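Every read-out reported here was derived from the displayed coordinates using simple, explicitly stated rules and does not represent laboratory data. Only a predicted model underlies this, so the values are computations on that prediction, with no experimental measurement involved. Cβ coordinates were reconstructed from backbone atoms using ideal geometry, including for glycine residues, and neighbour counts include every protein chain displayed.
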Amino acid sequence: MPSKVLTRFGVNQLCWFMLIALLPLTIAGTVCYFFVKGQVKRDAINELELEARAIQGNIVYVLGENLARVVDFSSDGFIRDSTKTQALPGADAGAVRRDLNKHLEVNKRSLNPNILEVFVIDTTGRVVASTSDSRVGEDVSEKQYFKQPFLHFEQTGPLFSREEMPADDAGEPDLIFSTLLTDKLLHTPIGVIANRVSIGVLLNTILPVPNTGDEEAKASVRDHIYIANRDNFILVASKNPGETHLKNLTGTYVVERAIAEGRVVIDTYKDLWGRRVLGVAVPVRETNWVILAERDYKTAFAPLGRIRNLFIILNSSAALMAFLVSFFVSRNMSAAVRKLKDGTEMVARGDLDHRIELKRKDELKDLSLSFNEMTKKLKDYTEERARRAEELRKTQKQLFQAEKMSSLGTLASGIAHEVNNPLSYIMNNIELVKDYIGDIISTKEQVINEKGLLSTLEEMESCLKDAKAGTEQIRKIISAVYEFSHPGRDKLDYVDINKTIDDSLKVVWHELKYKARVTKDYAELPKILCYPHYLVQVFTNLFLNAASAILETGEIRIKTYRQGQMICIEMSDTGVGIPEENLKRIFDPFFTTKDVGKGTGLGLSIVYNLITQAEGSIEVTSAVGKGTTFKITLPLRRESDVSST
């Protein structure tokens, strides 16, 4: 959208207008959508559950019909008499069995095409007669359809029905209905009669109803109906029975829960083919089976698609109307805002005489008047501010110069503190040399003892060497103070730590020799790559701090050792120690606990900076009244390591 039409303010207003217009509709549509979705789901569940309940009733009817038939067969006097006769000693069992087999085939099995076999079992569990000759003589004493009628006879009645799974997955399961054969007079068990019925009787209960135009019949065609046993195996299925026959439903938790809990379970999940479905599992208590009715999820919620399309059309129409109204309102406001914006830009460029004129009768008009009044006052304030700013710049310049002089004074005090000791013994050595030269001049007309003169010259040379070392130390101290603010200069070299400590001791020995006994515990160490004079400065400062911490006399212990790829130096003193509240601040620049004029606080700060620059670390432990220990750790580095960093 061109910037000349709407300002950013106008765009924001347009967005807000659109939001206010569409938000209620969106909320209402969303609430309606989820309400309808819940209603559609409930309707689909009710349909599936009603369908499953109807099938459950059909199954119970089929089971009852077949149980009634086997009970009817058990009351046949010929079957009971033949079963008793076969058990009598001396009876012609073969002839009796043939007559009984024929009777079972002609008068019993032929009554219903779904009856696959009718057979009689004696009390020992052996098949004594059957419409299938191959079964005669088979021992079925371990079969449930033989055992259960005896238990039912004692407990609830002489009925039993259950599926019998095939020996392998090639065949189909059969339904077995059995009951006791009892003596007519004594009512004692003489055997068991059982009907083997085709599983097709169950399939008929779940097959789709022929197309009659009935909506429920059409819905049933869409649904998948399974009957599963207690072991989660599908006994029959309404669709693709060849694919689902004896398929294991383990993992379909609605079936598992329905079997375990004995109640209706409803949920959405993925079926055997990985399709998302809505499923209702209804248990059949009489046989411990489960009827599973499934409907494709998309099919179940198809009405939501139409509602969603309607919602999109309504929202799009409302959005278009809201956009047109909001656009014209925002464009009107944008014109006024643009004038205000142009006015502020003019004022920002320094044109304090600019005024804004709006032909409106709303708050924007009031805003333009307030803006014009503000501009007028701003002009007055600007002139006054310019005058005061000039005065402020002069004051700031004076304060800056005063702070600069204070900092220079503090730095000079620190340099004097560090330089004073070496400068003292330089002056003393120069005075000694002066005296030695005077002695030599006074002997120019006397016989000079050659050995005495040589000794004097040697002492002069030693004094001059010490004076030179002192001046070199002064130079390095000044350089170290400079390097504190400009780290990284000087030249790297391999340094013997133990020798460097000894050199530092020589520099400050005049400060230590009357106050402290120095104890050394040096280990054999490899040379390390570092800045040599930095280490001298570090050790010198630590020695001077130790000397100042020892009030009268004490001891300074120095220990060096190697720890892996690190060199460690520990310096301990028996001074007054450092209070715990000061331990975290001792390395801060200009922090000192000494009296004014006796310390600047730069010493340990410089030490910390130099050790850190060498990629090392320094730690301090202290106890008031017992002393302080500084531990310095430095890495063993090669030139390649340094160049890489």
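In terms of distances greater than 24 angstrom between alpha carbons, the cross-link table entries LYS506/LYS626; LYS468/LYS520; LYS143/LYS270; LYS270/LYS298; LYS506/LYS527 yield LYS506/LYS626; LYS468/LYS520; LYS143/LYS270. Counting every pair of alpha carbons in the range 8-93, the share spaced more than 22 Å apart comes to 69 percent. For SER198, neighbours were defined as the other residues whose beta-carbon sits under 11 Å from its Cβ, and their charges (Lys and Arg +1, Asp and Glu -1) total -2. Peptides 315-327, 376-388 ranked from most to least packed give 315-327, 376-388, packing being the mean of other C-beta atoms within 10 angstrom over each peptide's residues.
Length gained on full extension, ARG98 to PHE35: 15.7 nm, using 0.36 nm per residue less the C-alpha separation. Beyond 32 Å in Cα-Cα separation lie the following of the pairs LYS515/LYS584; LYS491/LYS515; LYS341/LYS394; LYS147/LYS239: LYS491/LYS515; LYS341/LYS394; LYS147/LYS239.
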